[in-house]
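Undergrad: Mind having a look at this structure? Questions to follow.
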Amino acid sequence: MNSGGGNVEPIHKTLAVSLFRPALVATGIALALAVLLAAPAGTMAYHNLASEAAQKPCGVVTIAAAADLMYAMNEIVANFEKATGCILRVSTGSSGNFLSQIENGAPFDVFFSADIEYPRKLETEGLAVTGSTYLYAVGKIVLWVRNDSRLDIGRGVAVLRDSSVHKVAIANPQHAPYGRAAEQALQKAGVYDAIKARLVLGENISQAAEFVESGNADAGILALSLALSPELKEKGRFWRIPEDLYTPIQQGVVLIRASQNPQGARAFLEYVKTPAMAALLERYGFVLPGKVKP
Amino acid sequence: MNWQAIALSLRLATCVAGILLIAGMPIAYWITFSRWRWKFLVEAIVALPIVLPPTVLGYYILVGLGPQNLPGKLWQSWFGHTLPFTFGGLLVASVLYSLPFAVQPFSAGFESVDRRLIEASWMLGTSRLGTFFRVILPLSAAGAITGTVLSFAHTIGEFGVVLMVGGNIPGVTRTVSIDIYDQVQAANYDVANRTALALLVFSFLVLSVIYGTNRTALSLWRRR
């Protein structure tokens with residue numbers, strides 16, 4: 001034990017000073033690197049976008065798309081960009097969230113909602129182009145399990161009562177149209193009360209899919225379009241929930257009034273209405289729609 | 001206003017602050033007094049959650065500890081279920097996520113104690129544990145309070161991890177921040193507004209009380 005009182009103080013001072021130095025140095029280096037890397041990358045991206053846009057006839061169109069469209073939209077976008085030379089920027093997420101964001105000034109040009117009521121609401125509020133709401137698809141729901149699941153989903157949603165089912169993933173019925181449909185189907189099938197405590201809610205339908213796909217939930221009620229997507233097709237099997245158990249999801253698209261690129265937006269909307277794109281949507285499990293009455 | 005969500009958040013934050021008060025003290029003590037040359041690595045690990053986005057932690061808990069991977073399988077065989085969608089899961093995530101907010105003020109508090117007093121206590125025959133409780137802790141109470149309050153407050157404010165692994169179960173994983181998010185998405189601005197305002201006032205009051213009654217606590221945090 002150190003008994004020399006005289007030399008204790010300097011030792012402890014150097015100790016204290018050096019205590020957090022490595023952390024400080026590391027933080028400094030990290031910050032410097034972040035600044036160095038971020039600055040040029042940021043300006044480069046900006047220049048690219050601007051010069052790209054200048055070359056193209058219809059510029060950049062920014063799209064908000066419901067999460068169930070995630071995979072179908074990738075294909076449509078690729079086709080459209082090839083056909084027209086436009087650039088599309090797509091955000092996918094929960095329709096309810098997009099509605100809130102657009103109501104609060106989000107810079108989208110076109111909004112593909114999973115629920116046609118949202119585009120209609122935007123029209124009523126004067127935030128979307130009057131009469132531009134179009135029913136682009138009707139969405140279906142399925143019961144989905146991973147390939148390694150022992151559940152016999154051929155028995156329908158009643159199989160969720162099975163004691164081996166601990167968690168069932170659906171989208172949040174509070175704001176996700178697919179969640180509402182799932183809840184409705186469970187209620188009509190008479191299993192809702194029995195399995196209510198097993199429900200876990202995804203923020204949108206693709207998060208619900210992620211919960212089942214990762215194995216954290218034992219089963220899920222997902223969009224048919226996701227079940228048919230290349231990403232999920234190989235990983236699991238599904239059972240179509242009969243349409244008399246829920247109201248099929250009327251999906252609407254609308255042009256946003258504050259759009260910076262109304263021509264490009266309109267061109268894209270017209271493109272989605274073409275038979276080829278309707279067929280593509282059908283391949284992803286969306287039923288072909290008729291025209292919406294204005 | 002969703003009182004169930006508010007109660008859940010308070011319960012979660014209390015558990016996290018309690019666990020970190022007990023578990024964070026030895027870590028902070030070791031960080032402060034150890035002379036191990038690789039100590040900075042431990043410091044870096046403790047500080048990680050300050051830098052990492054919550055999505056990284058959320059991803060590891062959901063997929064890494066999911067039933068498809070070995071760590072998740074082990075967890076499942078020990079505890080009977082995986083971490084996501086449970087209060088325990090949120091607790092584990094929150095403790096990890098708030099660790100630096102407890103350990104760093106604790107450690108700063110220990111560091112501020114005059115080394116001569118500690119050594120005098122040892123010299124007079126008091127054990128290390130005795131010295132800790134009778135000399136170090138009373139003299140660094142400000143750091144202990146700051147760390148505990150910050151970890152509590154940080155847990156109340158947590159959102160990203162809970163959104164990723166919570167599964168939004170009322171009374172189990174639907175915390176107040178998630179509830180506000182849901183209300184905004186469902187365009188229930190009135191409800192969202194009330195809850196958000198309540199949270200704003202609550203946070204302000206907590207911090208005011210701490211900063212007002214504890215000037216040293218403030219200076220300790222500033223020194224970081």
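Undergrad: Each label point is 7 Å from the Cα along the Cα-to-Cβ direction; what then is the distance between the points at B:TYR211 and A:ARG161, in nm?
TA: 5.8
Undergrad: Which is farthest toward the positive dipole end of region B:3-223 among B:VAL162, B:PRO26, B:ASN193, measuring Cα position about the Cα centre, with Cβ charges +1 (Lys, Arg) and -1 (Asp, Glu)?
TA: My answer, from the dipole projection, is B:PRO26.
Undergrad: What is the packing order of peptides B:173-182, B:8-17, taking the mean over residues of other C-beta atoms within 10 Å and listing the highest first? It would help to have the intermediate numbers written out before the result.
TA: Numbers: B:173-182: 23.6, B:8-17: 20.8.
For the peptides B:173-182, B:8-17, the packing ranking is B:173-182, B:8-17.
Undergrad: For region A:77-150, what is the accessible area per residue in Å² when the probe is 1.4 Å? Walk me through the numbers before you get to the answer.
TA: Working: 2820 Å² over 74 residues.
On a per-residue basis, region A:77-150 sits at 38 Å².
Undergrad: Continuing with the same structure: What order do you get for A:197-206, B:144-153, A:142-151 when each peptide is scored by the mean count of other beta carbon atoms within 10 Å, highest first? Don't skip to the answer; put the middle values down first.
TA: Values: A:197-206: 25.3, B:144-153: 23.4, A:142-151: 17.8.
Descending mean neighbour count gives A:197-206, B:144-153, A:142-151.
Undergrad: In Å³ and rounded to a whole number, note down the convex hull volume per residue for the Cα atoms of region B:3-223. Mind dumping the intermediate values first?
TA: On the way: hull volume 31.7 nm³, N = 221.
Taking only Cα atoms, region B:3-223 has a hull volume of 144 Å³ per residue.
Undergrad: Starting from the 7 Å offset along Cα-to-Cβ, what nm value, one decimal, do you get for the label separation of A:ASN79 and B:THR126?
TA: Reported label-point gap for A:ASN79 and B:THR126 is 7.9 nm.
Undergrad: What percent does the relative contact order of region B:79-185 come to when contacts are Cα pairs within less than 8 Å and at least six residues apart? If you can, show how the numbers build up before the last one.
TA: Values: 95 pairs, mean separation 41.1, N = 107.
Relative contact order comes out at 38 percent.
Undergrad: Turning to a different aspect of this structure: Given region A:164-294, what whole percent of its Cα pairs are spread farther than 25 Å?
TA: Working: 3038 of 8515 pairs.
So the portion of pairs separated by more than 25 Å is 36 percent.
Undergrad: Starting from the amide H of A:GLY59, placed 1.01 Å from N in the peptide plane, find each other amide H under 5 Å away whose residue is 5 or more places distant or on another chain.
TA: Counting only residues 5 or more places away or on other chains, the set is A:ILE87.
Undergrad: For A:ALA194 and A:ASP244, what does the FRET efficiency come to when R0 = 22 Å and r is the distance between their Cβ atoms, rounded to the nearest 0.05? List each step's numbers first, then the result.
TA: Numbers: r = 20 Å, r/R0 = 0.92.
Given R0 = 22 Å and the Cβ-Cβ separation, E is 0.65.
Undergrad: Return the calculated 222 nm mean residue ellipticity for the protein assembly as shown, to the nearest 500 deg cm²/dmol, obtained by summing -39500 (n - 2.57) across DSSP H runs with n ≥ 4 and dividing by the residue count. Don't skip to the end; give the middle numbers.
TA: Numbers: 24 runs with 296 residues, N = 518.
Here the helix-only value at 222 nm equals -18000 deg cm²/dmol.
Undergrad: What are the ³J(HN,Hα) values, in whole Hz, obtained from phi via the Karplus relation 6.51 cos²θ - 1.76 cosθ + 1.60 with θ = phi - 60°, for each residue of region A:174-183 in sequence order, with x given for Gly and Pro?
TA: My calculation for region A:174-183 gives 4, 9, 9, x, 5, x, 4, 4, 5, 4 Hz in order.
Undergrad: Continuing with the same structure: Output ³J(HN,Hα) for region B:15-27: one whole-Hz value per residue in order, computed from phi by the Karplus curve 6.51 cos²θ - 1.76 cosθ + 1.60 with θ = phi - 60°, and x for Gly and Pro.
TA: For region B:15-27, the Karplus curve yields 4, 4, 4, x, 4, 6, 5, 7, 7, x, 4, x, 4 Hz.
Undergrad: Right, here's the next one. Quick one: if the Förster radius is 25 Å, what FRET efficiency do A:ASP152 and A:LYS233 give, using the C-beta to C-beta distance and rounding to 0.05?
TA: Working: r = 20 Å, r/R0 = 0.80.
Once rounded, the FRET efficiency stands at 0.80.
Undergrad: With axes computed from alpha carbons, what is the tilt in degrees of helix B:70-79 against the longest principal axis of chain B, rounded to the nearest 10 within 0 to 90?
TA: Helix B:70-79 sits roughly 90 degrees off the main axis of chain B.
Undergrad: Can I ask one more? Between A:ALA171 and residues 5 or more places away or on another chain, which pairs have amide H atoms under 5 Å apart, with H built 1.01 Å from N, and which residues are they?
TA: Amide H to amide H, under 5 Å and 5 or more residues apart or across chains, A:ALA171 pairs with A:GLY179, A:GLY202.
Undergrad: Right, next: On a 0 to 90 degree scale, rounded to 10, what angle separates helix B:87-111 from the longest Cα axis of chain B?
TA: It works out to around 30 degrees.
Undergrad: In region B:1-65, which chymotrypsin sites (Phe, Trp or Tyr not before Pro) are in a loop and have at most 10 other Cβ atoms within 10 Å, using DSSP for the loop call? Don't jump to the answer; show the numbers that get you there.
TA: Details: sites: B:TRP3, B:TYR29, B:TRP30, B:PHE33, B:TRP36, B:TRP38, B:PHE40, B:TYR59, B:TYR60; in loops: B:TRP36, B:TRP38.
Sparse-neighbourhood loop chymotrypsin sites (Phe, Trp or Tyr not before Pro): B:TRP36, B:TRP38.
Undergrad: Next question, about the same structure. Based on the Cβ-Cβ distance from A:ALA276 to B:TRP38, what FRET efficiency comes out when R0 is 45 Å, to the nearest 0.05? Working shown, then result.
TA: Values: r = 62 Å, r/R0 = 1.38.
Step by step, r from the Cβ atoms, then E = 0.15.
Undergrad: A further question on this structure: Points 7 angstrom from Cα along the Cβ direction at A:ALA258 and B:ARG134: gap in nanometres?
TA: About 6.7 nm separates the two model spin labels.
Undergrad: Taking amide H positions as placed 1.01 Å from N in the peptide plane, with prolines and chain starts having none, which residues 5 or more places from A:ILE141, or on another chain, fall under 5 Å of its amide H?
TA: It is A:LEU224, A:ILE241, by chain and number.
Undergrad: Okay, next question. Past 21 Å, Cα to Cα: identify those pairs from A:LYS82/A:LYS140; A:LYS140/A:LYS188; A:LYS235/B:LYS73, in the order given. Walk me through the numbers on the way to the answer.
TA: Working: A:LYS82/A:LYS140 29 Å; A:LYS140/A:LYS188 16 Å; A:LYS235/B:LYS73 19 Å.
Checking Cα-Cα distances, A:LYS82/A:LYS140 exceed 21 Å.
Undergrad: Please compute, for peptide B:162-169, the average count of beta-carbon atoms on other protein chains lying within 10 Å of each residue's beta-carbon. Can you show the working numbers first?
TA: Working: counts 0, 3, 3, 3, 3, 13, 9, 6.
So the per-residue partner count for this stretch is 5.
Undergrad: While we're on this one: If packing is taken as the mean number of other Cβ atoms within 10 Å per residue, what is the order of A:78-85, A:92-99, highest first? The partial results should precede the final answer.
TA: On the way: A:78-85: 14.0, A:92-99: 24.9.
Ranking, from highest mean packing down: A:92-99, A:78-85.
Undergrad: Follow-up. For Cα pairs less than 8 Å apart in space and 6+ apart in sequence, what is the mean separation divided by the residue count of chain B, i.e. the relative contact order in percent? Don't jump to the answer; show the numbers that get you there.
TA: Values: 271 pairs, mean separation 68.9, N = 224.
It comes to 31 percent, rounded to a whole number.
Undergrad: Largest first and in whole Å, what are the equivalent-ellipsoid semi-axes of the protein assembly as shown based on the Cα gyration tensor, each being the root of 5 times an eigenvalue? All intermediate terms of the calculation are to be shown ahead of the outcome.
TA: Working: eigenvalues 521, 158, 88 Å².
Ellipsoid half-lengths, sorted descending, are 51, 28, 21 Å.
Undergrad: What is the average number of partner chain Cβ atoms found within 10 Å of a Cβ in A:199-207? Let's see the in-between values first.
TA: Details: counts 5, 9, 10, 3, 9, 1, 0, 0, 5.
Average neighbour count from other chains, rounded to a whole number: 5.
Undergrad: Okay, next question. Using all C-alpha to C-alpha distances in region B:92-178, build P(r) with 5 Å bins and read off the rounded percent in each one.
TA: For region B:92-178, the pair-distance distribution reads 3, 14, 18, 15, 12, 10, 8, 8, 6, 4, 2, 0.
Undergrad: Quick one: putting +1 on the C-beta of Lys and Arg, -1 on the C-beta of Asp and Glu, what dipole do you get for region B:3-223 around its Cα centre, in Debye to the nearest 20?
TA: Values: 14 positive and 8 negative charges, 137 e Å.
Charge dipole, region B:3-223, about its Cα centre: 660 debye, nearest 20.
Undergrad: Work out from phi, with θ = phi - 60° and the Karplus expression 6.51 cos²θ - 1.76 cosθ + 1.60, the ³J(HN,Hα) of each residue of region A:81-97, listed in order in whole Hz, and give x for Gly and Pro.
TA: Listing the rounded values in order: 5, 5, 6, 10, x, 6, 10, 10, 10, 10, 10, 10, x, 7, 4, x, 5 Hz.
Undergrad: Same structure, new question: Would you mind calculating the gained length between B:ASN193 and B:ARG11 on full extension (0.36 nm times residue separation, minus the Cα-Cα distance), in nm to one decimal? Walk me through the intermediate numbers first.
TA: Values: separation 182, 0.36 × 182 = 65.52 nm, distance 2.24 nm.
Contour length minus the Cα-Cα distance gives 63.3 nm.
The values are calculated or read from the model by the stated rules, or taken from the named source; none is laboratory data. From a predicted model like this one, the values you see are computed outputs, not experimental measurements. We place every Cβ from the backbone using ideal geometry, glycine too, and count neighbours over all the protein chains shown. To get the accessible areas, we keep the full protein, side chains included, count just its heavy atoms, and leave off ligands, DNA and RNA. Shrake-Rupley method; radii C 1.70, N 1.55, O 1.52, S 1.80 Å.
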